[in-house]
Each structure stands twice: as C-alpha cells, then as structure tokens.
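See structure below.
The numbers here are math on the coordinates, done by the rules we state, and not lab data. None of the values given here were measured: they were computed from a predicted structure. Cβ atoms come from the backbone with ideal geometry, glycine included; neighbour counts cover every protein chain shown.
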C-alpha cells in the first residue's frame with residue numbers, strides 16, 4: 001500500500017476515523033477518572049472514644065496522643081476552619097474544625113446537616129452515612145493539604161460519647177455500614193457479594 005492509497009482510504013473513511021478517535025479519547029478520560037477514584041488516599045483516624053486513659057485521665061505520654069498533639073500544633077494557625085459542601089447525595093453540609101483550650105490533643109468538628117441520632121431503620125440512614133463520609137473526606141483533604149496526616153490525630157465528631165461512637169462506626173466501609181450506592185433514585189447500603 002502506498003501513501004496515496006492510505007491517504008485516500010483515510011479521506012473516504014474520515015467519519016469512522018474521527019468516531020474511533022473520539023471513542024479512544026472518552027475511554028482514556030473514563031479510565032483516568034477510575035484510577036484517580038481508586039488512588040484517593042484512605043484515612044483512618046484513631047478513635048477518640050478509645051483514647052488511652054490512666055487513672056481516669058488522658059495518658060498524655062502515649063505516643064499516639066503525642067503524635068496527635070504534634071500534628072494539631074501544625075494546623076492550629078489555620079483553625080477554626082469553616083466549610084460548606086454539597087455532598088455526593090446533593091445535601092448541603094457545613095462543618096467547623098477547631099480546637100478547645102486547654103485540650104491540645106483533639107480536633108473538634110461541629111457538623112451541621114448530619115444527624116448522628118438517626119435510627120438504623122430510617123430509610124435515609126444510608127444517605128446520612130454517605131453525607132458524613134463526604135464531610136469527613138472534605139476535612140481530610142483540608143488537613144492533608146496543610147501537612148497534617150488525618151490518620152494521626154484524634155478527631156471528635158460529636159458533642160457526646162454515644163454520637164461520637166456512631167460517627168466512628170460510620171467513617172469507613174464495614175460489614176455493619178457498607179458502601180453506599182444509589183439505586184432506583186434512593187441511597188442504600190450495597191449488599192455483600
């Protein structure tokens with residue numbers, strides 16, 4: 001085949017060539033998005049509800065407690081941090097991240113738009129869990145972009161221990177609270193395969 005023949009073939013089939021090129025570009029974009037989605041860092045902060053205690057008080061000599069304090073010292077100049085986001089479910093959620101004096105070991109987060117007291121049988125539970133996870137991801141992004149490892153600090157998500165334990169149970173995908181998916185216009189927990 002000569003170059004003229006190749007050129008004539010391309011001219012005759014230019015619509016197919018352009019269509020094929022568009023498909024290749026779209027596939028490249030989809031694959032790149034999937035790679036980004038799966039390469040997103042996953043953080044697991046230590047449970048504030050299980051901080052080490054000695055004699056009824058926080059064990060401030062514990063290495064994890066000291067690590068939390070050290071990272072909080074880095075982020076303190078940028079606190080309080082207020083943010084409003086629209087979660088992947090379309091819900092508007094606001095939060096404020098702050099520290100309390102004299103507590104040097106915990107990051108507190110006041111969330112508006114997520115109800116930790118929602119009953120397990122409520123049909124909106126899965127959506128609420130997804131909203132909370134999206135809010136946590138937003139906070140983690142803020143912390144990481146400012147040199148703080150979210151997996152190294154104690155984060156207090158709620159104003160009382162029962163709600164804090166609920167928040168900690170919702171944070172990561174688990175058997176009790178699996179991945180949240182949208183099905184038939186509703187948010188549900190994905191069934192195990």
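If you rank 142, 16 by fewest surrounding Cβ atoms within 10 Å, what's the result?
Lowest count first: 16, 142.
How many nm is it between the label spots at residue 98 and residue 57, if each spot is 7 Å from the Cα in line with the beta carbon?
2.6 nm
If you compute Rg and Dmax of the Cα atoms in Å for the structure shown, which of (i) 17.4, 65; (ii) 23.7, 88; (iii) 39.8, 130 do you land on?
(ii)
Which angle between 0 and 90 degrees, to the nearest 10, do you get for helix 125-145 versus the longest principal axis of the chain when only C-alpha atoms count?
Value to nearest ten degrees: 90.
So for the chain: antiparallel DSSP bridges make up what percent, rounded to the nearest 5?
Roughly 85 percent of the DSSP beta bridges within the chain come out antiparallel.
Please compute the modelled spin-label separation between residue 173 and residue 145, points set 7 Å along Cα→Cβ, answer in nm with one decimal.
2.5 nm
To the nearest 10 degrees, how steep is helix 14-39 against the longest Cα principal axis of the chain, on a 0 to 90 scale?
For helix 14-39, the angle is close to 10 degrees.
Could you work out how far helix 63-75 tilts from the main Cα principal axis of the chain, as a 0 to 90 degree angle to the nearest 10?
70 degrees
What is the packing order of peptides 133-140, 95-102, taking the mean over residues of other C-beta atoms within 10 Å and listing the highest first? Before the final figure, lay out each step's value.
Numbers: 133-140: 20.2, 95-102: 13.6.
Result, highest mean first: 133-140, 95-102.
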